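Data first, discussion second: the structure below is written as structure tokens.
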């Protein structure tokens, strides 16, 4: 199972190295890693996606909490959270296919950020499922390059689990 961990750390040199080293020593692959300034001065937030069972991830969280520069560790996997990722795609776009690509860009609420004679660069922001979906749709046109930021996530302050709402609203539909 994939887990999304949010780790608040002090801005100290070597903090990221110690955290990634902890995972590497235990044979864990970090699938996604995003790091940036946090809400308090002198702190950064690392959001990482790792794969493992619940028991193993609980142990990893305990090990993370023992590191000197780690201020807090939250496993956002089973709590209501907002998750986003940024992806840039450079797509082959000869003039005869450009209109079809632009229609798809609108459907996914993406943006064209660069236009060339034979290519478009598209910016997509959303949950990881949205990024996979647009990548699959645009693959037929020929993807030239992809760059992704990695997932960032915060626990929902409202506590509302939108994934649960989608499932329950589908269950309550009146049959035709």
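Points worth noting:
- Residue match in region 7-30 (condition: in a strand (DSSP E or B), surrounded by fewer than 16 Cβ atoms within 10 Å (Cβ to Cβ), under 21 Å from the mean Cα position of the chain (by Cα) and not assigned by TED's automatic domain parsing to the domain that holds residue 127): no
- Test: residue 70 is over 20 Å from the mean Cα position of the chain (by Cα) and surrounded by 13 or more Cβ atoms within 10 Å (Cβ to Cβ): yes
- Residues (surrounded by 16 or more Cβ atoms within 10 Å (Cβ to Cβ) and within 17 Å of residue 83 (Cα to Cα)) located in region 109-133: 110, 124, 126, 127, 128, 130, 131
- For region 47-54, the condition holds for at least one residue, the condition being that it is modelled with pLDDT under 95, surrounded by fewer than 18 Cβ atoms within 10 Å (Cβ to Cβ) and farther than 20 Å from residue 150 by Cβ.
- Filter pass, residue 69 being assigned by TED's automatic domain parsing to the domain that holds residue 9 and at pLDDT below 95: yes
- With respect to the conditions (1) in a loop (DSSP other than H, G, I, E, B); (2) surrounded by 15 or more Cβ atoms within 10 Å (Cβ to Cβ); (3) out of contact with any strand residue (DSSP E or B) (no Cβ under 7 Å at 6 or more places or on another chain), residue 97 lacks only one, and its number is (1).
- Of the candidates 49, 73, the single residue that is out of contact with any helix residue (DSSP H, G or I) (no Cβ under 8 Å at 6 or more places or on another chain) and assigned to a strand (DSSP E or B) is 49.
The values are calculated or read from the model by the stated rules, or taken from the named source; none is laboratory data. Note that this is a predicted model, so its numbers are computed, not measured. Every residue, glycine as well, gets a Cβ built from its backbone with ideal geometry; the counts of neighbours run over all protein chains shown.
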